[in-house]
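One structure is given here, and the rest of the page talks about it.
The values are calculated or read from the model by the stated rules, or taken from the named source; none is laboratory data. No experiment lies behind these values; they were computed from the predicted model shown. Cβ placement follows ideal geometry from the backbone for every residue including glycine, while neighbour counts extend to all protein chains displayed. The area values use the complete protein model at the heavy-atom level, side chains included, leaving out ligands, DNA and RNA. Shrake-Rupley method; radii C 1.70, N 1.55, O 1.52, S 1.80 Å.
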Amino acid sequence: MPVLATLALAATLAGTVAASPASAAGLPRGHDVSAYQKNVNWSSARAKGAQFVYVKATESTTYRNPYFAKQYAGARSAGLVRGAYHFALPDRSSGKAQASYLLGHGGAWKADGWTLPPALDLESNPYNRKHGCYNLSKGAMTSWIRSFSSEVERRTGRPPVIYTSTRWWNTCTGNSRAFASTHALWIARHGTKTAGTLPAGWSYWTFWQHGSNGKLPGDQNLFNGSTTALRKFARGY
């Protein structure tokens, strides 16, 4: 299905820009994990309500989550819709190179109803706090994201989900609206009743990471729609 149609579906299902975790009990719950969670008990996570998960696959072009294959397969076996995410380090190599690395190490997408589109994790530089935007200009950062996205879409047929916070996005891309009409948003905002003001251009979120602790292993997330809509989003229509 065309990207705009997919996003239109998400917009229709969203209803509101933000929802409280406490009042959004009907929304599908999920989580995201990395090597830090190691051997996840997926059947337990499913029993506690998990319906989807994003698993860290890669970082830059030098790191692969050593637990990825086991985590990814385990989530599917337990009946979770799952996807892979890439932690971006835009100062290390091009967006195209990092997208290729992700796709070559577990980040591919297929329209089977169980696979979420790859996600691009964009957040403050954890290796140099003085350069939270990776020492890139706003224009250069936007170009880097476009390079990553274009390669993912060229090879999978879908653009990546963009994970970010409003503060990082508006600071590091200069309030860019270049991706809002074509990319699903995974907003990071913890410990609040709502997802708050969204990054420039987006009027709704598709995923909301609302906490780092909870019933599920790793970070806690919600999907902005029904379980049926989650499966449709995974299939691409």
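Please give the net charge around THR173, taking every other residue with its beta carbon less than 14 angstrom from that of THR173, where Lys and Arg add +1 and Asp and Glu add -1. After counting each charged neighbour, the total is +3.
Within segment 132-237, the proportion of C-alpha pairs whose separation exceeds 18 Å stands at 54%.
Give the distance, in whole Å, between the Cα centre of segment 68-139 and the Cα centre of segment 159-237. Measuring centre to centre over Cα atoms gives 14 Å.
Cross-linked pairs LYS96/LYS232; LYS70/LYS193; LYS193/LYS215; LYS110/LYS193: Cα-Cα separations exceed 23 Å for LYS96/LYS232; LYS70/LYS193; LYS110/LYS193. The portion of the accessible surface of the chain made up by carbon and sulfur, rounded to a whole percent, is 51 (1.4 Å probe; DNA, RNA and ligands excluded). Per residue, the solvent-accessible area of segment 58-183 (1.4 Å probe, heavy atoms of protein chains only, all protein chains present) comes to 43 Å².
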